[in-house]
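Data first, discussion second: the structure below is written as C-alpha cells.
The values are calculated or read from the model by the stated rules, or taken from the named source; none is laboratory data. This structure is a prediction, so every number in the text was calculated from the model and none was measured. Quick reminder, even Gly has a Cβ in these numbers, built from the backbone with ideal geometry, and neighbours come from all protein chains shown.
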There are 2 protein chains.
Amino acid sequence: MSKETILDQMKEEGLRITPQRVHIVELLFELSHPTADRIYTLMSEKFPYVSQATVYNTLKKLKEIGVVRELMDGDKSSNFEVNEMEHWHFNCKVCGEIYDLEPAKTEALMAVGTQKGAFQVESYQVKFYGICAKCM
Amino acid sequence: MSKETILDQMKEEGLRITPQRVHIVELLFELSHPTADRIYTLMSEKFPYVSQATVYNTLKKLKEIGVVRELMDGDKSSNFEVNEMEHWHFNCKVCGEIYDLEPAKTEALMAVGTQKGAFQVESYQVKFYGICAKCM
DNA sequence: ATAAATGCAAATGCTTTGCATTGCC
DNA sequence: GGCAATGCAAAGCATTTGCATTTAT
C-alpha cells in the first residue's frame with residue numbers, strides 16, 4: 001500500500017484531504033509502529049499548532065476505513081501501522097521495539113479458533129514477547 | 001490451582017492474607033475473566049468500604065507473583081484470570097464474553113517467533129475475535 | 001512492635017468530546 | 001456555501017499514588 005492508495009481510499013470514503021492528514025499518512029510510512037503521541041510530536045515540527053485531537057481523530061478514521069491498524073497492548077499507549085498484508089509482531093521487552101514477523105499458516109490458527117465448532121472467527125491477534133537481537 | 005495454593009503462594013512471597021484479599025481470590029475463581037471493576041462491585045457487597053485501590057493493587061501483586069494473568073485489550077479495561085495451564089482466548093464481539101480455548105502446538109508458534117533467529121521469545125499471546133455460538 | 005495493607009482522595013496518562021473557527025470540496 | 005476538519009480546552013475513564021489509619025504477623 002502506498003501513500004497515494006491511502007489518500008485515494010480516503011477520498012472514496014468521503015474523508016477530506018488536509019495537509020495535516022497527508023503528513024500523518026507520510027509519518028505512518030516513515031516510522032516503525034509509532035504511537036499517536038510520537039506522531040503528534042513529529043507533526044508539531046511541521047504544524048506547530050496541531051492538536052492531539054487531530055492526530056487521534058485522524059488515526060481513528062483511518063482505522064475505520066481499514067487503511068491503518070492499531071496495536072493495543074493494555075496499559076501502554078497504542079501503536080499504529082499501515083494495514084499492509086497480514087503479519088505478526090514481536091515486542092522486545094528491553095527496548096520496546098515492535099518487529100514484524102511473517103505469519104504461520106493461518107488455516108491452522110483458524111482451526112484452533114473454531115475448535116468446539118461454535119466460534120465464528122473473524123480475526124485473531126498473535127503477539128510475541130521477549131528480547132530482540134539488539135538487546136541480547 | 002486452588003484457592004489454598006494461591007494463599008500459600010502469597011504467604012511464601014511475603015504477602016499478608018487479609019479478608020479482602022481472600023475474597024478477591026475467591027471471586028477470581030467464581031467469575032469468568034472479570035475486570036477489576038467487576039471484582040470491585042462484587043467486593044462491595046461483602047466489604048462496603050473496600051476501595052478500588054485495594055482491588056487494583058491486590059491484582060497487581062497477584063500478577064507479580066505469577067498466580068494471576070492480566071488479559072489486556074487496549075482501550076478496554078483489563079480482564080483477569082487465575083494463571084492455570086496455558087490456553088488461548090476467544091473474544092465475542094457481540095456479548096464481550098471471553099472463552100478459553102485449548103492452545104495449538106506451542107512449539108510451532110515459538111518457531112515462528114524465533115524466525116530470523118534473532119528473537120528470544122519468552123511468551124506470546126494469541127487472541128481470537130468473532131462471534132460466539134450464543135450470539136450467532 | 002512494626003511493616004504492610006487499607007480506604008480515601010487526588011493525581012496521572014491516554015484518549016475523546018464540545019465548540020467556535022477555519023478551510024476543503 | 002456548506003459541511004467536515006481543526007485547535008483549544010475541558011472532560012472521561014481506567015489505573016496509580018500519597019498519606020494517615022488500621023491490621024496482620
message: Checking the structure you have, find out if any residue of segment B:49-69 is within 14 Å of chain A (Cβ to nearest Cβ), within 13 Å of the chain's Cα centre (by Cα) and away from DNA strand C (no atom under 16 Å from the Cβ).
response: yes
query: Somewhere in segment A:85-94, is a residue away from every other protein chain (no Cβ under 12 Å), over 25 Å from B:Glu70 (Cβ atoms) and either surrounded by 15 or more Cβ atoms within 10 Å (Cβ to Cβ) or touching a strand residue (DSSP E or B) at 6+ places or on another chain (Cβ under 7 Å) (or both)?
result: no
- prompt: For segment B:112-136, what are the residues that are at pLDDT 70 or above and either in a loop (DSSP other than H, G, I, E, B) or more than 7 Å from every other protein chain (Cβ to nearest Cβ) (or both)?
  reply: B:Lys134, B:Cys135, B:Met136
message: What pairs come out if I take residues in segment B:30-48 that are in contact (Cβ under 8 Å) with a residue 12 or more places away in the chain and pair them with residues that are among the charged types (D, E, K, R) whose C-beta lies under 7 Å away, six or more apart or interchain?
response: B:His33/B:Glu81
query: Yes or no: B:Tyr99 surrounded by fewer than 17 Cβ atoms within 10 Å (Cβ to Cβ) and hydroxyl-bearing (Ser, Thr, Tyr)?
result: no
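Within 13 Å of DNA strand C (Cβ to nearest atom) and farther than 22 Å from B:Tyr129 by Cα: is that true of A:Tyr99 in this structure?
no
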task: Go through segment B:45-77 and give me each residue that's in contact with a helix residue (DSSP H, G or I) (Cβ under 7 Å, 6 or more places away or on another chain) and small (Gly, Ala, Ser).
output: B:Ser77
task: Keeping to segment B:1-21, report how many residues are part of a helix (DSSP H, G or I), within 9 Å of DNA strand C (Cβ to nearest atom) and either of a type in the set (A, V, I, L, M) or touching a Gly at 6+ places or on another chain (Cβ under 8 Å) (or both).
output: 1
